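The values are calculated or read from the model by the stated rules, or taken from the named source; none is laboratory data. Keep in mind that this is a model prediction, so the values were computed, not measured. Cβ placement follows ideal geometry from the backbone for every residue including glycine, while neighbour counts extend to all protein chains displayed. Accessible surface areas use protein heavy atoms only, side chains included; no ligands, DNA or RNA. Shrake-Rupley method; radii C 1.70, N 1.55, O 1.52, S 1.80 Å.
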Amino acid sequence: MENAVAAFAVRFDTLHAICSGQHHVEDDFIYFRQDSFYGVSAFHKLVTDDVQERGVRMRSVGVLVQDSTSLPLFRIGLLSAARSANEANGMECYEDLKRIVDTTTYDLQRAPAHPSLSSRGSGDGAHAAALKTKSRYFGVGAWTLWKAAMLGKRILFYGPAPAGEMVERTRWLAESVKGFVDVEVLYSVNVMDIPVLESLPSYIACTTECVFERKSHLYDVYVCLQHVELSHELARVLHGSKTDEKRLHAFLQAVQGVRLPDERDAILRTRSQDYGQLLCAACRDIAQARGFIDKESLRALELHESDADFLKALASRLGY
């Protein structure tokens with residue numbers, strides 16, 4: 001099985017495989033952490049006339065893997081396997097799981113450079129498409145989240161089930177800063193993970209449990225659906241500026257094929273990886289200037305004067 005270390009089918013939350021609120025939806029999926037491994041599970045609910053099952057059958061099937069970049073590929077087959085497992089209502093689903101693991105493992109071996117497996121996130125077009133979706137969903141908040149992730153803040157997404165789209169937003173944010181800063185990606189968490197969250201100085205995670213809203217000591221950034229909430233102290237560093245609004249507008253134009261005056265600027269706006277490299281280079285310059293940032297440098301980075309605190313914080317985070 002190589003990358004895949006285990007396959008499972010569960011009817012109760014014996015791992016993190018079924019998250020809170022999934023009993024309200026028909027189909028869903030999540031990513032999660034189990035010890036040193038990453039997991040992906042697909043959930044399905046089937047209405048039955050069985051009195052012993054109280055009229056409904058719920059099951060989640062999935063795999064544990066060593067490499068998180070393979071999670072999206074395993075997810076594809078698991079969604080249909082979860083439905084089949086409920087319809088069969090037996091152990092036959094393990095044959096389906098073995099087939100999914102074998103087929104996906106074979107695909108991984110043949111196509112290690114698959115766009116969804118790239119260590120840098122994805123190809124230019126796919127990356128721009130993903131950022132386009134997130135930018136439309138969060139608005140200027142997308143840039144705030146990216147800057148918070150670059151600073152290694154504790155970021156927790158919240159939303160009710162279905163959790164799949166929220167989990168993908170978590171993965172997108174983690175991938176967008178990959179290679180620049182080290183951040184623990186936990187994916188889906190629940191109240192049983194509170195001790196882990198309390199011990200981490202930096203993480204990106206998501207949850208369907210609203211109880212976390214009252215536990216603000218566990219996070220620096222709380223994302224309730226589309227609303228990005230920052231602590232008062234962090235808001236001073238990461239607040240959305242008019243420059244962020246302009247950048248968002250320019251980005252959406254660029255991915256829709258509207259040519260901007262400076263093609264290079266358009267590329268920088270559509271690729272957070274390129275923009276991250278530019279910011280890291282600026283942090284080195286700041287270190288050489290002993291923390292001084294002039295207005296011209298900020299304008300060159302498409303940053304507002306009020307973003308100077310963010311840039312200084314980033315330089316410190318990167319060890320300059």
* **Condition broken by GLN226, with the remaining ones in (1) under 26 Å from SER306 (Cα atoms); (2) surrounded by fewer than 17 Cβ atoms within 10 Å (Cβ to Cβ); (3) modelled with pLDDT of 95 or more; (4) not aromatic (Phe, Trp, Tyr) satisfied** => (3)
* Asked: From the list SER119, SER84, which residue is at pLDDT 80 or above, among the small types (Gly, Ala, Ser) and open to solvent by 30 Å² or more (accessible area, probe 1.4 Å)?
  -> SER84
* Structure fact -> Among the residues of the range 153-177, the number that are open to solvent by less than 10 Å² (accessible area, probe 1.4 Å) and either more than 14 Å from the chain's Cα centre (by Cα) or over 23 Å from ARG214 (Cα atoms) (or both) is 4
* So, in the range 286-320, of the ones that are at pLDDT below 70, surrounded by fewer than 17 Cβ atoms within 10 Å (Cβ to Cβ) and part of a helix (DSSP H, G or I), which residue ends up farthest from the chain's Cα centre (by Cα)? -> GLN288
* **Which numbered condition LEU234 fails, given (1) at pLDDT 70 or above; (2) closer than 16 Å to LEU145 by Cα; (3) open to solvent by 20 Å² or more (accessible area, probe 1.4 Å)** => (3)
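Can you tell me which residue is surrounded by the most Cβ atoms within 10 Å (Cβ to Cβ) among those in the range 59-73 that are hydroxyl-bearing (Ser, Thr, Tyr) and not in a strand (DSSP E or B)?
Let us first name the residues in the range 59-73 that are hydroxyl-bearing (Ser, Thr, Tyr), namely 60, 68-70.
Keeping just the survivors that are not in a strand (DSSP E or B) gives 68-70.
Working: SER68: 18, THR69: 20, SER70: 22.
Checked the range 59-73; the qualifying residue surrounded by the most Cβ atoms within 10 Å (Cβ to Cβ) is SER70.
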* Structure fact -> Taking first residues from the range 199-219 that are in contact (Cβ under 8 Å) with a residue 24 or more places away in the chain and closer than 11 Å to GLY152 by Cα and second residues anywhere that are open to solvent by less than 30 Å² (accessible area, probe 1.4 Å) and part of a helix (DSSP H, G or I), the pairs with Cβ under 7 Å that are 6 or more apart or on different chains are TYR203/LEU197; ILE204/ALA149; ILE204/THR170; ILE204/LEU173; ILE204/ALA174
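ALA82 - would you say it is in contact (Cβ under 8 Å) with a residue 40 or more places away in the chain and touching a Cys at 6+ places or on another chain (Cβ under 6 Å)? Break it down into steps so the answer makes sense when it comes.
Numbers: in contact (Cβ under 8 Å) with a residue 40 or more places away in the chain: yes; touching a Cys at 6+ places or on another chain (Cβ under 6 Å): no.
No.
Here's a check for you: in the range 42-58, which residue that is within 30 Å of the chain's Cα centre (by Cα) and either of a type in the set (D, E, K, R) or outside any strand (DSSP E or B) (or both) is surrounded by the fewest Cβ atoms within 10 Å (Cβ to Cβ)?
Start the filter on the range 42-58 by keeping residues that are within 30 Å of the chain's Cα centre (by Cα), which leaves 42-46, 57-58.
Filter again for either of a type in the set (D, E, K, R) or outside any strand (DSSP E or B) (or both), leaving 45, 57.
Details: LYS45: 19, ARG57: 17.
Going through the qualifying residues, I end up with ARG57.
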